[in-house]
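Step one of this worksheet: look at the structure below.
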Ligand SMILES: [Zn+2]
């Protein structure tokens, strides 16, 4: 132990009274776990049970399968028929209901960075294929009606009166809707609002409710969408990927979806991580996976990814690192992406559908030469930041990393036993220290 202290910075420091002080190795965030403030968090956001109304089936929210026309023109959808998956791109407005989308990629109606942002600041224009796609969609009368209807909804939400909207010509409305085709903020929506066997409003379908095979398609589609956003906008320096599950985690609808936003910066978290990596190119191993392994914080692994209880986070956070030597997700093989998906899925399944969760992706930006493993953080939003924390920048996280591990690990054994997650190695089954180089994408390059 003494030797460990010599070579290890004290990212985790247990105090005599039981307080556990943590420092995030990548961001420097300081977090304390104070004894006696912990509580069992699973099921914390379970809604009241109300029977589902069969008349409302497929219409519970704007992401449901009976309301395809309420969202902007679709970029792509995955369809499952007779056990075979297929992908349909740019489905025409009058064909939206011909198939059922297991997952669909649509522009966010309310973009964080709009087409106008890129156009005004960078001179960004639609690429010729995208411009052609827009033209084809609008040439179909159903497509034209759809674009006008959705853009009018957007104007109403922005406070426009019916009279103001009526004063616009159709061409003026369509001209405002260029972002539906060339925007950089996508949403990936899963089919189910409720699980197939749900009888009441507690039956929400989360990431963990998908099968591992369905989840793998979801992750592959997200990775592909990330690549497409980079390809479509030469000014994008990063594509942020995240999933907010339940409104306590910032979701507008309790309907499973991910978001991707192309941005012209790396963001402060990534900037801090990259500056540490510039000093120590092996930081993601030294201060991530290896540190977690030496401190018995590994939760699960397979041959392509490892999950551990994170330290120095404001919220209890499970971190999942790809162990591929290929850093950028869209350059990985489908098999490598699927192994990452299996662990993300398992952690969501263990968290359960009644816990508000943020899933945040981190990857090596396209304009950075430093190797950085693809990482996904799953954060349990069980507390809100309070005045003490705002004033001191010291954060109270009610669950210590070891306690988080001990909440997740037994659930993973149960789920694996029940065949509800892909085969993974759990806790002490992980190979850990003897095989650390396997976790080392930097050295493997
Ligand atoms: Zn819905």
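Read-outs throughout are calculated quantities, based only on the coordinates presented, and are distinct from any laboratory measurement. None of the values given here were measured: they were computed from a predicted structure. Cβ atoms come from the backbone with ideal geometry, glycine included; neighbour counts cover every protein chain shown.
Descriptive notes on the structure:
- Segment 166-207 and segment 124-143 have Cα centres separated by 19 Å.
- Principal-axis analysis of the Cα atoms of the chain puts helix 212-232 at an angle of about 70° to the longest axis.
- Full-extension gain in nm, residue 131 to residue 417, via 0.36 nm per residue minus C-alpha separation: 97.9 nm
- Computed E for residue 42/residue 169 - FRET, C-beta separation, R0 56 angstrom, nearest 0.05: 0.55
- Of 79, 187, 31, the one that fluctuates the most in a GNM where the chain has Cα springs shorter than 10 Å: 79
- For the pair residue 162 and residue 142, the difference between a 0.36 nm per residue extended length and the Cα-Cα distance amounts to 5.0 nm.
- Sorted into 20 angstrom bins from 0, the C-alpha pair distances of the chain split as 24, 55, 20, 1 percent.
- Here residue 213 and residue 366 are evaluated by their C-beta separation; at R0 = 45 Å the FRET efficiency comes out at 0.90.
- Residue ranges 331-339, 287-295, 137-145 sort as 287-295, 331-339, 137-145 when ordered by packing (mean number of other C-beta atoms within 10 Å per residue, highest first).
- Antiparallel DSSP beta bridges within the chain, percent to nearest 5: 95
- Judged by the gyration tensor of its Cα atoms, with axes a ≥ b ≥ c, segment 68-243 is prolate; a/c meets the 1.5 cut and a/b is the larger of a/b and b/c.
- Helix 128-139 axis versus longest C-alpha principal axis of the chain: approximately 50°, rounded to the nearest ten.
- Segment 6-83 and segment 355-417 have Cα centres spaced 9 Å apart.
- Dividing the summed -39500 (n - 2.57) terms of all DSSP H runs of n ≥ 4 by the residue count of the chain sets its mean residue ellipticity at 222 nm at -9500 deg cm²/dmol.
- Mean separation of Cα contacts under 8 Å (6+ apart) over length of the chain, as relative contact order %: 19
- Protection proxy ranking for 67-77, 154-164, 90-100, using the average of other Cβ atoms within 10 Å per residue and placing the highest first: 67-77, 90-100, 154-164.
- Folded to 0 to 90 degrees: helix 334-351 orientation relative to the chain principal axis, Cα: 80
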